[in-house]
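Right, one structure below, let's go through it.
The values are calculated or read from the model by the stated rules, or taken from the named source; none is laboratory data. None of these values were measured; they are calculated from a predicted model. Positions of Cβ are backbone-derived with ideal geometry, glycine not excepted, and every protein chain shown enters the neighbour counts.
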Amino acid sequence: MSNYDVLIIGGGPGGYNAAIRAGQLGLKVACIEGRETLGGTCLNVGCMPSKALLHASELYEAATSGELNNLGIEVTPRLNLAQMMKQKDESVTALTKGIEFLFRKNKVEWIKGWGRLNGPGKVTVTLADGSVRELQAKDIVIATGSEPTPLPGVTIDNKRILDSTGALALPTVPKHLVVIGAGVIGLELGSVWRRLGSEVTVVEYLDRICPGLDDDTAKALQRTLSKQGMSFKLATKVSAAKATAKGVSLDLQPAAGGETEQLQADYVLVAIGRRPYTAGLGLETVGLATDKRGMLENQQHRSSVPGIWIIGDVTSGPMLAHKAEDEAIACIERIAGHAAEVNYEAIPGVIYTKPEVATVGKTEEQLKAEGRAYKVGKFPFTANSRAKINHEAEGFVKVLADERTDQILGVHIIGPSAGELIGEYCVALEFSASAEDIALICHPHPTRSEALRQAAMNVHGWAMQA
Ligand code: FAD
Ligand code: NAD
């Protein structure tokens, strides 16, 4: 029986960051990961490969759409999909190896196998060769992540009917890709394949895209994606899908019920959300159970069982890599006896479409529901000189601030590099800044960040450049 201060089950952004921080704090730590490589969903089949394909396909479309020609760069583009996939896979390998390096640097032991709780303080690991190791620790962190939510009647085979992992590794460009679910995965991966030449139809159960996103911003995103050629069938449900060797036949119905219509596709991507992953974890051996949605509950990362902690996608909150990382740090600090807190009010979200969408804090709809009096400051990128000169002037910045105190409550950006720009407002929210604070801070010219300042000025109606 090997003894540790902390055992972490799962090597994704929750688990690997927890392991590294524990190592830094001098705790004897091991991270149990069953995959061949570290990094979890994010590095292997999530954030990183999707961003690799988004980047490459964006450049391809710049070449095929005439955008480069317009800049005076004449090219005759030809898609080499195999090379696009290869460079993605190579980058992913480099990143997962990077985590192995960080483990060695911080004295984290990687135990390659599937972990199972085996009573309080104990974990049994089944290694790749089938042998078993028994481990013991004062504290155990569950960071087992999530998996795609299945859709009844639509069986994922990752040949014709795909989950996100399948859609990140297609060998050919689909003629017609049907995406079920107009959420983050559907819009990002739908964009990749549309840019590479697919006709893309997105079928969404609700009457809007991206539920939870600020309404204005979601409408602007749908407009721009439609203009790019993506089609949307909102308020529509898929009741069945039949795959053949050549394609898929889908039965669609209005969400409220009605006539069935058929839709043919050569591939279908099911992206209707993800659910916590706890299969085979032995929760019952310590008296833990999931809720109805399969979620493990936590109170400041503690489970109801002393010595067992829970972080990342497997528990409540947005399923985002940086949220898992924040929880990892706070959880380990608490295990080490330090004070730590995650501010769930200031976790940003980004959709890496073109233009990008980035958001932090409350939406206008949330503020209305809370009955909070607020002011809105908006600024369009058409009035931002850098965005104009780069021919990427679609979108806006929208700042929501408390009517009485001027404290910034929420920020929603659709526009160029929105994902990078939102960082400034994450800091602002953490420091309880007012819109006036941002309006009076010098921003470099010419940058897109000036739009952030102008939107803050406009909370008080004095944007100077629009
Ligand atoms: P995971 O990353 O899922 O890691 C859990 C790990 O635990 C897995 O490697 C699993 O093999 C392992 N495991 C499970 N059970 C056991 C066991 N019993 N024993 C041993 N190991 C076990 N988020 C963002 O913030 N930005 C993005 O751009 C983004 N893009 C995404 C794109 C896609 C296509 C997908 C699918 C997700 C994306 N996400 C993104 C979400 C992000 O990947 C997750 O929020 C993040 O990976 C959660 O981290 P985690 O550590 O909680 O879980
Ligand atoms: P999501 O929750 O973002 O979107 C799912 C969509 O599917 C919603 O619009 C929902 O209304 C719709 N839907 C649900 N059931 C349906 C049905 N039966 N028929 C049609 N539509 C249906 O989920 P996702 O896109 O699968 O992504 C999963 C998770 O991964 C998200 O929580 C997200 O945070 C994370 N992720 C993040 C990023 C990023 O940060 N850029 C990228 C990809 C994934």
Residues in segment 276-295: is at least one in a strand (DSSP E or B) and buried (at least 17 other Cβ atoms within 10 Å of the Cβ)?
-> yes
Any idea which of (1) buried (at least 16 other Cβ atoms within 10 Å of the Cβ); (2) more than 9 Å from ligand 1 (Cβ to nearest atom) is the one GLN299 doesn't satisfy?
-> (1)
Of the listed residues (GLY115, GLY145, GLY121, GLY181), the one being among the small types (Gly, Ala, Ser), surrounded by fewer than 21 Cβ atoms within 10 Å (Cβ to Cβ) and at pLDDT 95 or above is GLY121
The condition of being closer than 21 Å to ILE351 by Cβ, out of contact with any Leu (no Cβ under 6 Å at 6 or more places or on another chain) and modelled with pLDDT of 95 or more holds, among ALA63, ALA82, ALA56, only for ALA56
Would you mind telling me which numbered condition in (1) under 28 Å from CYS47 (Cβ atoms); (2) assigned to a helix (DSSP H, G or I) ARG448 fails?
-> (2)
For segment 2-11, indicate whether the set of residues that are surrounded by fewer than 17 Cβ atoms within 10 Å (Cβ to Cβ), at pLDDT 95 or above and closer than 16 Å to VAL141 by Cα is non-empty.
-> yes
Output the residues belonging to segment 11-58 that are within 16 Å of ligand 2 (Cβ to nearest atom), over 14 Å from the mean Cα position of the chain (by Cα) and not in a helix (DSSP H, G or I).
-> GLY39
Go through segment 84-104 residue by residue and tally those that are within 17 Å of GLU33 (Cβ to Cβ) and touching a helix residue (DSSP H, G or I) at 6+ places or on another chain (Cβ under 8 Å).
-> 6
Apart from one, (1) among the aliphatic types (A, V, I, L, M); (2) within 11 Å of ligand 1 (Cβ to nearest atom); (3) over 30 Å from SER449 (Cα atoms) all hold for ILE308; the odd one out is (2)
Those residues of segment 148-164 which are away from ligand 2 (no atom under 12 Å from the Cβ) and surrounded by fewer than 20 Cβ atoms within 10 Å (Cβ to Cβ), in sequence order = THR155, ILE156, ASP157, ASN158, LYS159
Tell me, please, whether a residue that is of a type in the set (Lys, Arg) and within 20 Å of THR96 (Cβ to Cβ) can be found in segment 62-83.
-> no
Could you check, for segment 70-79, whether at least one of its residues is over 15 Å from ILE142 (Cα atoms) and surrounded by 14 or more Cβ atoms within 10 Å (Cβ to Cβ)?
-> yes
Does LEU288 satisfy the condition of being under 21 Å from THR41 (Cβ atoms) and of a type in the set (A, V, I, L, M, F, W, C)?
-> no
Among strands (runs of 3 or more DSSP E) entirely inside segment 126-191, those with 3 or more residues being under 29 Å from LEU54 (Cα atoms), in contact with a helix residue (DSSP H, G or I) (Cβ under 9 Å, 6 or more places away or on another chain) and touching a residue at least 12 places away in the same chain (Cβ under 8 Å) are 146-148, 176-180
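Rundown of residues vs (1) of a type in the set (Lys, Arg); (2) touching a strand residue (DSSP E or B) at 6+ places or on another chain (Cβ under 9 Å); (3) on the phi > 0 side of the Ramachandran plot; (4) part of a helix (DSSP H, G or I), yes/no style:
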| site | (1), (2), (3), (4) |
| --- | --- |
| LEU68 | no, no, no, yes |
| ILE73 | no, no, no, no |
| PRO77 | no, no, no, no |
| GLN83 | no, no, no, yes |
| GLU90 | no, no, no, yes |
| THR96 | no, no, no, yes |
| GLU100 | no, yes, no, yes |
Consider LYS388 carefully, then state whether it is in a helix (DSSP H, G or I), of a type outside the set (A, V, I, L, M), modelled with pLDDT of 95 or more and under 30 Å from GLN136 (Cβ atoms).
-> no
Which of the residues belonging to segment 219-236 are β-branched (Val, Ile, Thr) and part of a strand (DSSP E or B)?
-> THR236
